[in-house]
Amino acid sequence: MILSVAGSAYAETSQGTVSLIIGDNEAQINGQSVAMAAPAQIIDGRTLVPLRFVGEAFGCDVQWNNTAQTAIVKLVNHAIEVPVSKNHAVINGVETEVQVPAQIIAGSTYVPLRFIGENLGAKVDFNSNTQTIFISIMTYLNKDQNFKMILPPEWIIDEEVSDGVRVIVPGEGYCQVAFADKGEGITPDNFSLFAGEWLKDYDGKNKLSQDIEGVIAGIVFIEDGLIQLHCIKLLDNGIFTFVGAIPETSLDANIQKQCEIALRSLNSL
């Protein structure tokens, strides 16, 4: 489903949807019927969905490491490692506790529905009357500056600007993504050198953390009662900035996770 952004001829949002019925081997992907080998199930009161089917439906690369008994889901620079029967997952290299471990059922890796929502930036709903699961992911596309990114639930487009977009995020915060530079001569191999110089501009700030990872660099600091997240990312068509600000009293783990998903999903069209 494509929805135009009001007031812009160059931007739109695209909503990808998946609907599953508990125990049914037929699903709907963007309104089209698709056969699936592993239906959604309810086990011990938990709604479980097949990770590969849902991940690939939303354009993720899904791999299986048989030695480690781990499913690996990648979307641009966002990586989720899900070991079977363990009480943790590894999200972008950070081990995170999970309430319900992944499990293999009839040869397929299943994860709780909530896990999909929290870690893919998806909105999830369950109709108990019809036993139907609805999963949707909203993507923002800017054809003027040639980039796209996931819009997590409750993220709202505020306004288009000449070089990007400003988005309202939960907790009375905002995020702004913009084209910064053509990045001529900058490659993934030498990006860390460029990023190191960029970080020097923040010397003297009340830093909470800073990092350079692959083609992403970022710093988190406190200023005027706001948690500030300033990042740069190298895409195929140049360097983009990703800047967010959220009141200290509003920031929680969910908003942090949403910001990371949006940043890591940022990609060229």
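Here the condition is being more than 21 Å from Leu193 (Cβ to Cβ), open to solvent by 10 Å² or more (accessible area, probe 1.4 Å) and of a type in the set (Ser, Thr, Tyr); of Thr249, Thr241, it holds for Thr249 alone.
So is Ala122 more than 27 Å from Ala71 (Cβ to Cβ), at pLDDT 90 or above and surrounded by 17 or more Cβ atoms within 10 Å (Cβ to Cβ) or not?
Details: more than 27 Å from Ala71 (Cβ to Cβ): no; at pLDDT 90 or above: yes; surrounded by 17 or more Cβ atoms within 10 Å (Cβ to Cβ): yes.
Considered against the rule, which asks whether it is more than 27 Å from Ala71 (Cβ to Cβ), at pLDDT 90 or above and surrounded by 17 or more Cβ atoms within 10 Å (Cβ to Cβ), Ala122 comes out as no.
Within the range 214-229, the residues that satisfy the criterion of being over 17 Å from Ser192 (Cβ atoms), outside any loop (DSSP other than H, G, I, E, B) and either open to solvent by 10 Å² or more (accessible area, probe 1.4 Å) or not hydrophobic (A, V, I, L, M, F, W, C) (or both) are Val220, Ile222, Glu223, Leu226, Ile227, Gln228, Leu229.
Of Tyr110, Tyr140, all but one fail to be hydroxyl-bearing (Ser, Thr, Tyr) and over 30 Å from Glu97 (Cβ atoms); the exception is Tyr140. Only one of the numbered conditions (1) small (Gly, Ala, Ser); (2) open to solvent by 30 Å² or more (accessible area, probe 1.4 Å); (3) more than 30 Å from Thr13 (Cα to Cα) is not met by Ala102, and that is (2). Within the range 143-167, the set of residues being surrounded by fewer than 17 Cβ atoms within 10 Å (Cβ to Cβ), within 16 Å of the chain's Cα centre (by Cα) and among the β-branched types (Val, Ile, Thr) comprises just one member, Ile156. On the stretch given as the range 66-90, residues that are within 29 Å of Lys233 (Cα to Cα) and open to solvent by 20 Å² or more (accessible area, probe 1.4 Å) total 9.
I'd like to verify a number: residues in the range 13-22 that are at pLDDT 95 or above and either surrounded by fewer than 16 Cβ atoms within 10 Å (Cβ to Cβ) or not in a strand (DSSP E or B) (or both), how many? Residues in the range 13-22 being at pLDDT 95 or above and either surrounded by fewer than 16 Cβ atoms within 10 Å (Cβ to Cβ) or not in a strand (DSSP E or B) (or both): 1 in total.
The values are calculated or read from the model by the stated rules, or taken from the named source; none is laboratory data. Only a predicted model underlies this, so the values are computations on that prediction, with no experimental measurement involved. Quick reminder, even Gly has a Cβ in these numbers, built from the backbone with ideal geometry, and neighbours come from all protein chains shown. Calculation scope for accessible area: heavy atoms of the full protein, side chains included, ligands and nucleic acids excluded. Shrake-Rupley method; radii C 1.70, N 1.55, O 1.52, S 1.80 Å.
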